[in-house]
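Below is one structure, written out as structure tokens; comments come after it.
The values are calculated or read from the model by the stated rules, or taken from the named source; none is laboratory data. Just so you know, these numbers come straight off a predicted model, no measurement behind them. Here Cβ is always computed from backbone atoms with ideal geometry, including for glycine, and neighbour counts include all displayed protein chains. To get the accessible areas, we keep the full protein, side chains included, count just its heavy atoms, and leave off ligands, DNA and RNA. Shrake-Rupley method; radii C 1.70, N 1.55, O 1.52, S 1.80 Å.
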2 protein chains.
Amino acid sequence: VSLARFDEARRVAIFGGTHGNEMSGVTLVNLWVKNGSEIQRKMVDTKPFITNPRAVEKCTRYVDTDLNRAFTPENLSALGEGDLPYEVQRAQEINRIFGPKGSPEAYDVIFDLHNTTSNMGCTLILESSKDYFNLQMMNYIKVTDIRLKSLLKASIQLVECCFTSVNIVLCDWFIAGLEVGPQPQGVLRSNIFEAMRVILKHALDFIELFNEGVEFPTCTVEVFRVLERIDYPRDANGNIIAMVHPNLQDGDWEPLNPGDPMFLTFDGKTLHYQGSGTIYPTFINEAAYYEKQQAFVTTRRETLVASAIRKA
Amino acid sequence: VSLARFDEARRVAIFGGTHGNEMSGVTLVNLWVKNGSEIQRKMVDTKPFITNPRAVEKCTRYVDTDLNRAFTPENLSALGEGDLPYEVQRAQEINRIFGPKGSPEAYDVIFDLHNTTSNMGCTLILESSKDYFNLQMMNYIKVTDIRLKSLLKASIQLVECCFTSVNIVLCDWFIAGLEVGPQPQGVLRSNIFEAMRVILKHALDFIELFNEGVEFPTCTVEVFRVLERIDYPRDANGNIIAMVHPNLQDGDWEPLNPGDPMFLTFDGKTLHYQGSGTIYPTFINEAAYYEKQQAFVTTRRETLVASAIRKA
């Protein structure tokens, strides 16, 4: 079993308001901009940052286009300045401040704080199962924490998927997309707020320990790997004709077996899962994914071995 | 004990999308526009109607201003047509179609379908405790129904308050503002959808029975009367500094006694209810009321005697 080595994580950013109506991150980042003592750690420069201030002001997901899908190479190199969609301008600006990837000025670690209306508990979104830093951090949070289970359904889950998000292009190592729910858009619930705060505390502690030279030994971590996106059933005109079935609603991370109820049509018919094996749905009935034609995503449960890590 | 007499209710409207991101009413009304057999009753003309189509299209509460606060005499008589805010134009148009109050063309009964992010179950909003038709209808639903309790926390509650809403000026008798929750904005949950549908079914059955000459005898009804609106604690700059306390969150309709926890500040202090008597908070942590500076409303529980009613 190998040992992965990384440089110290000196520059850490915490993004809130990438979606302006996801209130836990917006509120925490605004608090920390005023008083950052809680997020300070030895030898780490931690910067809290509101990524989409106009969307935050309007308490809406975005103004022109989804910022969390705007970090494409095309957008980042687009010319036009003030004529570009607001979030494309913002992506360029954020890339100048926190990136660009590979440059000496790029941040080492970015936390991007999100809420979901789905009953997902705390979820760290990974780009790759080779991301040992994230895997070790997640294992550290899970082992260390004693509070999350009292606040949420699930202590912390890890999901691997590949949005075209901040993740791909921005920072040098990794960005931890953090989803905490269930929480309606525009609402701040104390348990969700507290859970996000606790996770950030542990994550920053982990970074501090790592910087001090602590070696985190090989560990096994449970991960949900995204398989596909399932749309709502629709009629020939594209109109939705069914809802998430009450048996599936709020059942994020729980097994869905062949023959289990999946949707309930408006005229009362149950539609069943027709697949051949057990899957684990998540992002079930997320408000923001109606426009993305997605009722939930399916995942497969896997156990990964994370290589040991230590400072280079 | 007296007997109140009303003319038959021949013209009934069902409004969805008064707030464009409250999905149960939007979805039900869209279904019924396509196929209204479910809402047809003998000798009743029932019209399903999307009140704010632009807000529905954008899945937002409103475009320019809150339609549910736009039915003021000033707005309804405002000149300017296309230069007026969109919802003011809409209020005028709706008033022409379904009103104006006191005219022979005015509708008799309007149901206005809403969702809330608060854990309120089903709630009928009354303008006046003298509104015997609504009181009797609510009693009928409560007595008749056997399904609501399996779908929601509370079968059905009645709250008396006085928004400047559709209620005051539009239709001849009454308008039943119906709130069902908890449901995030932009999300359709099957239990909330089904609860709203069941209530509409019973309400239309009630109207049919009433029109057929059935007398509904005097009854007693429990009502929550709105006392005051409680804002979130704020700093000198008007910024919110606390959340609804976890003990109060989701506790709509439950007693709040002097000394009970009410808010939790971002630095962890509990703020207690300082009043002198028991109150019943509701609309707790409703997403749309942050902009109205309202964390919840307080109510007093009362028992009303509803006069018997019969067709004139």
If you count only protein heavy atoms and use a 1.4 Å probe, how large is the accessible surface of residue B:32, to the nearest 10 Å²? 10
May I ask you to report, in nm to one decimal and beginning with the shortest, the distances from residue A:65 to the same position in the other copies, taking label points 7 Å along Cα-to-Cβ? 3.4
Restricting to Cα pairs under 8 Å and 6 or more apart, the percent relative contact order of chain A works out to 22
Pop out the Kirkwood hydrodynamic radius of the range A:1-155 from its pairwise C-alpha distances, inverse of mean 1/r, in Å to one decimal. 17.3
Pop the C-beta distance of residue B:8 and residue B:77 into the FRET formula with R0 = 22 Å and round what comes out to the nearest 0.05. 0.10
Gap separating the Cα centres of the range A:103-118 and the range B:1-66, nearest whole Å: 43
Per-residue ³J(HN,Hα) for the range B:73-84, Karplus 6.51 cos²θ - 1.76 cosθ + 1.60, θ = phi - 60°, Hz, x for Gly and Pro: x, 4, 5, 5, 9, 5, 9, x, 6, x, 7, 6
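Can you classify the range A:51-139 as rounded, prolate or oblate using the Cα gyration tensor, where a ≥ b ≥ c are the square roots of its eigenvalues, rounded means a/c under 1.5, and otherwise it's prolate if a/b beats b/c and oblate if not?
In terms of gyration-tensor shape, oblate.
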Give me the base-10 log of I(q)/I(0) for the range B:194-251 at each q in 0.15, 0.22, 0.30 Å⁻¹, Debye formula, one uniform scatterer per Cα, rounded to two decimals. -0.77, -1.03, -1.15
Just to check I understand the Karplus step: with θ = phi - 60° and J = 6.51 cos²θ - 1.76 cosθ + 1.60, what whole-Hz values come out for the range A:177-189, glycine and proline as x? x, 10, 10, 10, x, x, 8, x, 4, x, 10, 10, 9
At 0.36 nm per residue, minus the direct Cα-Cα distance, what do residue A:201 and residue A:227 gain on full extension? Give it in nm, one decimal, please. 6.2 nm
What percent do you get for the relative contact order of the range B:249-312 when only Cα pairs under 8 Å and 6+ apart count? 28
Can you give me the long-range amide H partners of residue B:299? Hydrogens built in the peptide plane at 1.01 Å from N, cutoff under 5 Å, separation of 5 or more residues or another chain. B:227, B:280, B:282
Step through the residues of the range B:285-291 one at a time and calculate ³J(HN,Hα) from phi using the Karplus curve (6.51 cos²θ - 1.76 cosθ + 1.60, θ = phi - 60°), rounding each to whole Hz and writing x for Gly and Pro. 6, 6, 3, 6, 9, 4, 5
Is the protein assembly as shown rounded, prolate or oblate when judged by the Cα gyration tensor, a ≥ b ≥ c being the square roots of its eigenvalues, rounded requiring a/c under 1.5 and prolate requiring a/b larger than b/c? prolate
Find me the longest stretch of chain A that has none of the exposed GluC sites (Glu not before Pro), where exposed means in a DSSP loop (not H, G, I, E or B) with at most 15 other Cβ atoms within 10 Å. A:106-211
Roughly how much of residue A:298 is accessible, in Å² to the nearest 10, using a 1.4 Å probe? 0
What FRET efficiency do you get for residue A:271 and residue B:58 if R0 is 25 Å and r is their Cβ-Cβ distance, rounded to the nearest 0.05? 0.30
Give me, ordered by chain and number, the residues 5 or more places off residue B:111 or on other chains with an amide H under 5 Å from its own placed amide H. B:13, B:14, B:15, B:176
Asserting the computed 222 nm helical MRE of chain B (DSSP H runs at least 4 long, -39500 (n - 2.57) per run, divided by residue count, to nearest 500) equals -7500 deg cm²/dmol
Which distances, in nm and shortest first, link the residue A:265 label point to the same label point in every other copy, taking 7 Å along Cα→Cβ? 5.7
Per principal axis, descending, Cα span of the range A:195-311 in whole Å: 61, 29, 22
Tell me the accessible surface of residue A:276 in square angstrom (1.4 angstrom probe, heavy atoms of protein chains only), to the nearest ten. 120
Chain A - Rg and Dmax from Cα coordinates, angstrom: 19.6, 61
What nm value, rounded to one decimal, do you get for the distance between residue B:234 and residue B:96 when each label is placed 7 Å out toward the C-beta? 3.8
Hey, which residue of B has the C-beta nearest the axis mapping B onto A, and what's the distance in Å? B:184, 2
Which distances in nm, rounded to one decimal and ordered from shortest, link the label point of residue A:300 to the equivalent label points in the other identical copies, with labels set 7 Å from Cα toward Cβ? 6.4
